[in-house]
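Encoded as structure tokens, the structure appears first; notes follow it.
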Amino acid sequence: KEKGKEEGKEEGKEEGKEKGKEEGKEEGKEKGKEEGKEEGKEEGKEEGKEEGKEEGKEEGKEEGKEKGKEEGKEKGKEEGKEEGKEEGKEKGKEEGKEERRKKEEGKEEGKEKGEEEGKEKGKEEGKEKGKEEGKEKGKEEGKARQKQILNKGLSV
């Protein structure tokens, strides 16, 4: 009876040990799986955050570059327009001044030429008139002389 009890106890102990080992292994496996899942989730979250940050930074940089380019173009266009307007105004003013000066010179030249031509024409007309009057006067004087000679002749 004692021996059987001893053997039963031994076998029970052995079986209990086996069963305990099995259950412990199972529980350890479960717990390990759970912890591994948790750690994996954490790591994945961390990596995702990092990648998202990188991508966001890249996209932001690209958008900023685009916007800056656009604004720079706009500003440059504005400034160019302004400068062009200024230069055009200056050039127009300059050309207007030049044209006024030329007009003034032309007026002066025309006046001088007109005076010259008028003088010439007056001289011509005066000469003509003088010739005419001289002829008349000469004729008159000739007639008077003739008359004088005739009178003289008669009285002598």
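The values are calculated or read from the model by the stated rules, or taken from the named source; none is laboratory data. Computed from a predicted structure; not experimentally measured. Virtual Cβ from ideal backbone geometry, glycine too; neighbours counted across all protein chains shown. Quick note on the areas: whole protein, heavy atoms, side chains included, nothing else; ligands and nucleic acids left out. Shrake-Rupley method; radii C 1.70, N 1.55, O 1.52, S 1.80 Å.
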> Would it be correct to say that Lys13 is free of Cβ contacts under 8 Å to residues at least 60 places away in the same chain and surrounded by 10 or more Cβ atoms within 10 Å (Cβ to Cβ)?
Replying inline: yes
> Got a sec? Which of Lys93, Lys121, Lys152, Lys135 is open to solvent by 100 Å² or more (accessible area, probe 1.4 Å) and within 54 Å of the chain's Cα centre (by Cα)?
Replying inline: Lys93
> Is it the case that segment 23-34 has a residue that's part of a helix (DSSP H, G or I), free of Cβ contacts under 8 Å to residues at least 60 places away in the same chain and within 60 Å of the chain's Cα centre (by Cα)?
Replying inline: no
